[in-house]
Amino acid sequence: MFEITRRNFLSKLSTGIGGAALASLMSEKSSAAAIGEKLIADHAPKAKRVIYLFMSGGPSHMDLFDYKPKLNELNGQQLPDEVRRGQRLTGMSGNQASLPLAGSQFKFAQHGKSGAWVSELLPHTAKVVDDLCFVKSLWTEAINHDPAMTFFQTGSQIAGRPSLGSWVTYGLGSTNENLPGFVVLVTKKPTDQPLASRLWGTGFMDSRYQGVRFSSGKDAVFYLSDPDGVCRSGRRALLDKLSALNKIEFQNELDPEIETRISQYEMAFRMQTSVPEVTDIGGEPQSVKELYGPDAQNPGTFAANCLLARRLAESGVRFIQLYHPGWDQHGNLPGAIRNQAKETDQGCAALITDLKQRGMLEDTLVVWGGEFGRTAYSQGTLTKTNYGRDHHPRCFTAWMAGGGVKPGMTYGSADDYGYNIVGADGQAIDPSKEKFTPGAVHVHDFHATILNQLGIDHTRLSHTFQGRRFRLTDVHGHVVKDLLA
C-alpha cells in the first residue's frame, strides 16, 4: 500500500511525473522477460523450463530408492539412541513406548550402467535411472506437512511468500503469450490431505505470476468459455471497453493490480483457443499414448498429467507443477505405497523417455520429490506384513533429470538406517548446525540449484516488499555444483 500511496502522491504533485510513472509501469521494458535478461547475464541457462513432480505427503525413501540391508537385518530392534541423537519426533510417534526399526518389505536391485538401487515398486523408473541424478541427502527444517510443503514450494515455512514457479515466471516470463508461464496440474484422486492454492500463489508479488490450475473436467480452466449467445467478436468488443475503463482507473489509482487485471483479461481471451488445443491429446501417436500407459487416456490421472506436462512444455510454458497427493503412510505402508507407486511410476519414466526422444530433455529440468521422507522405525505396531512410518525431515531422497544436471549419478548418502546424512568419512552429520555442509542438500540449496540451471543467480532474483528485499532462498543457500554436468 505504501508504494501505491507514494505513486498517488507523485501523480497529484505533478502531472508530468505521474504520466512518467504510468508510462514506466505500462512499458514493455519493465516486463518479467526484461528482468530475466538482466538476471541471466552472468551465465547461460542450461534449462529453458521446469517440470516439477511433487509427491505430496512424504514418500518413503527406504522403500523406493535408498536400499538399507542393515535396517532389514535389525528389523524389530529398537532405534538406537546414538542414531536418533536426541532429534525431535512428531506427536504421532513421539509418545510411543518403543520405536522398532522397520526394514523395507520390498526387494531392491541395481539398474543401468550407473548401478542405481531401485525398489521393485518402480520397474519403469528403473529403466531410466541412467538419465536421473539422485540426491539422497536432502533435508528440511519442517516436520509437519503444511509447513514442509510450504517450505519446498515457497522457500519459507510461513505462508505468504511467492511460490517457486512464481519466482521463475517473475524472473524469466513466458515464451508463449497465449498460455500462462506457470501451470499447475493436480492428480484427480480422493485424499484427506488437501492442497492449498497458495502453494502456487504469488504471495506479495503481482498476481500475474501465479500458477494457473488446469482441471481434468470439460473445461481445463474454469469460466474460460463464453456463455451461450456470446460470439467472439462481441467478447472482443466487451474487453476493449473494459480495458479502456480500467486504464482510466489506473491513471487515478496507479495500482499495479489494475494493470495486471487488464493483461489477465487479454490472456484469458487468447487462452480460449490455445488451452483447448494444448489439452487435446487426440492427435498424439498411439505409440506415445502406450508409452504413458492406459491411465494416460483418463484425464486427471498422474499419467495423463505427465503427458499434458510434456505438451505444455513443448508449447512454451516455463514452469509446470504436478502434484500427486497421498504419500502420507503412517500405517499400512506396504499396501498404500504400492498403489502410489503404481499410479506414478510409468508416467514419470514415460515423461523422461518422451522428452529425451524429442530432444527436449537437455533443456528441460525435471524434478521429483516430496516435502520430507519417512522414519526408519515403525509408527504403531510392527508386524511381519505391515508397518507405518512417521515424518522424517533429517534425510530423504529426490531426483532430477535433464536441464544440465549429471545423469546416472547418486549424490550424498544416508546412514545404514536411512536416518541421518553421513559425511565423506561415513560419520553422521548434523547439517542444521551449519547451513551449508558438504554432502548435505538443504531446501534452499535445492532451490538455488534449480534457479542456477535456468540461468538465474538466486542471490540476485529478489523482490522488495514493505521495505525488505526478499528472495526465494531467503538469506542463505548454495548451488550444489557437484550435481551439474
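The values are calculated or read from the model by the stated rules, or taken from the named source; none is laboratory data. Remember, it's a predicted structure, so these values are computed and weren't measured experimentally. Here the Cβ is made from the backbone with ideal geometry for all residues, glycine too, and neighbour counts use every protein chain on show.
Set side by side, the residues Gly423, Gly455, Gly418, Gly439 differ, and just one is touching a Ser or Thr at 6+ places or on another chain (Cβ under 8 Å) and in contact (Cβ under 8 Å) with a residue 40 or more places away in the chain, which is Gly439.
Any residue at all in region 346-361 that's closer than 23 Å to Ala102 by Cβ, surrounded by 19 or more Cβ atoms within 10 Å (Cβ to Cβ) and of a type outside the set (A, V, I, L, M)?
Of all residues in region 346-361, those closer than 23 Å to Ala102 by Cβ come to none.
Within region 346-361 (the criterion being closer than 23 Å to Ala102 by Cβ, surrounded by 19 or more Cβ atoms within 10 Å (Cβ to Cβ) and of a type outside the set (A, V, I, L, M)), the answer is no, since none of the residues qualifies.
On the given criteria, is Arg460 of a type in the set (Lys, Arg) and either in a loop (DSSP other than H, G, I, E, B) or in contact (Cβ under 8 Å) with a residue 40 or more places away in the chain (or both)?
Taking the combined requirement at face value, the residue satisfies it.
Can you tell which of Ile258, Ile281, Ile248 is aliphatic (A, V, I, L, M) and out of contact with any helix residue (DSSP H, G or I) (no Cβ under 9 Å at 6 or more places or on another chain)?
Values: Ile258 fails: out of contact with any helix residue (DSSP H, G or I) (no Cβ under 9 Å at 6 or more places or on another chain); Ile281 fails: out of contact with any helix residue (DSSP H, G or I) (no Cβ under 9 Å at 6 or more places or on another chain).
Answer to the check: Ile248.
Check Thr385, Thr464 and return the single one that is farther than 20 Å from Ser137 by Cα, surrounded by fewer than 19 Cβ atoms within 10 Å (Cβ to Cβ), touching a Pro at 6+ places or on another chain (Cβ under 8 Å) and not basic (Lys, Arg). Give the steps one after another, and end with the answer.
On the way: Thr464 fails: touching a Pro at 6+ places or on another chain (Cβ under 8 Å).
So the residue among Thr385, Thr464 that is farther than 20 Å from Ser137 by Cα, surrounded by fewer than 19 Cβ atoms within 10 Å (Cβ to Cβ), touching a Pro at 6+ places or on another chain (Cβ under 8 Å) and not basic (Lys, Arg) is Thr385.
Screening Asp416, Asp430 for residues that are under 24 Å from Glu120 (Cα atoms) and surrounded by fewer than 24 Cβ atoms within 10 Å (Cβ to Cβ) leaves exactly one candidate, Asp416.
One residue is enough: does region 314-321 have a residue meeting the conditions outside any helix (DSSP H, G or I), buried (at least 23 other Cβ atoms within 10 Å of the Cβ) and out of contact with any Gly (no Cβ under 7 Å at 6 or more places or on another chain)? Scanning region 314-321, I find at least one residue that is outside any helix (DSSP H, G or I), buried (at least 23 other Cβ atoms within 10 Å of the Cβ) and out of contact with any Gly (no Cβ under 7 Å at 6 or more places or on another chain), so the answer is yes. Among the residues in region 445-454, are any part of a loop (DSSP other than H, G, I, E, B) and surrounded by fewer than 18 Cβ atoms within 10 Å (Cβ to Cβ)? Checked region 445-454: no residue is part of a loop (DSSP other than H, G, I, E, B) and surrounded by fewer than 18 Cβ atoms within 10 Å (Cβ to Cβ).
Meeting the requirement of 1 or more residues that are within 30 Å of Gly423 (Cα to Cα), the strands (runs of 3 or more DSSP E) wholly within region 74-191 are 108-111, 116-119, 132-139. Residues of region 163-212 that are polar (S, T, N, Q), out of contact with any Gly (no Cβ under 8 Å at 6 or more places or on another chain) and over 24 Å from His444 (Cα atoms): Asn178 alone.
Looking at Asp42, is it modelled with pLDDT under 95, of a type in the set (D, E, K, R) and outside any helix (DSSP H, G or I)? Full working, then the answer.
Working: modelled with pLDDT under 95: yes; of a type in the set (D, E, K, R): yes; outside any helix (DSSP H, G or I): yes.
Yes, satisfied.
Within region 415-444, being closer than 28 Å to Lys46 by Cβ and assigned to a strand (DSSP E or B) holds for Ile421, Val441, His442. Flag not set for Gln357, criterion: out of contact with any strand residue (DSSP E or B) (no Cβ under 9 Å at 6 or more places or on another chain), in contact (Cβ under 8 Å) with a residue 12 or more places away in the chain and more than 17 Å from Gly112 (Cβ to Cβ). Scanning region 393-413 for residues that are more than 18 Å from Met55 (Cβ to Cβ), in contact with a helix residue (DSSP H, G or I) (Cβ under 9 Å, 6 or more places away or on another chain) and assigned to a strand (DSSP E or B) turns up Val405, Met409, Tyr411.
Scoring Ile421 on the criteria (1) more than 24 Å from Ile352 (Cβ to Cβ); (2) surrounded by fewer than 23 Cβ atoms within 10 Å (Cβ to Cβ) leaves a single failure, condition (2). Check off (1) in a helix (DSSP H, G or I); (2) under 24 Å from Asn176 (Cβ atoms); (3) at pLDDT 80 or above; (4) under 27 Å from the mean Cα position of the chain (by Cα) for Tyr265 and give me the number that stays unchecked. In the conditions (1) in a helix (DSSP H, G or I); (2) under 24 Å from Asn176 (Cβ atoms); (3) at pLDDT 80 or above; (4) under 27 Å from the mean Cα position of the chain (by Cα), Tyr265 misses (3) alone.
Reported count of residues in region 335-377, each being more than 22 Å from Arg310 (Cβ to Cβ), touching a helix residue (DSSP H, G or I) at 6+ places or on another chain (Cβ under 8 Å) and part of a helix (DSSP H, G or I), is 1. Only one of (1) farther than 30 Å from Leu199 by Cβ; (2) at pLDDT below 95 fails for Gln105. Which number is that? For Gln105, the failing item is (2). Against the criterion of being assigned to a loop (DSSP other than H, G, I, E, B) and touching a strand residue (DSSP E or B) at 6+ places or on another chain (Cβ under 6 Å), Pro194 does not qualify. Screening region 319-360 for residues that are of a type in the set (Val, Ile, Thr) and closer than 17 Å to Tyr52 by Cα and picking the one that is farthest from the chain's Cα centre (by Cα) gives Thr353. Here is a check on your reading of the model: is Val128 more than 18 Å from the chain's Cα centre (by Cα) and farther than 14 Å from Tyr67 by Cα? So Val128 fits the description; yes.
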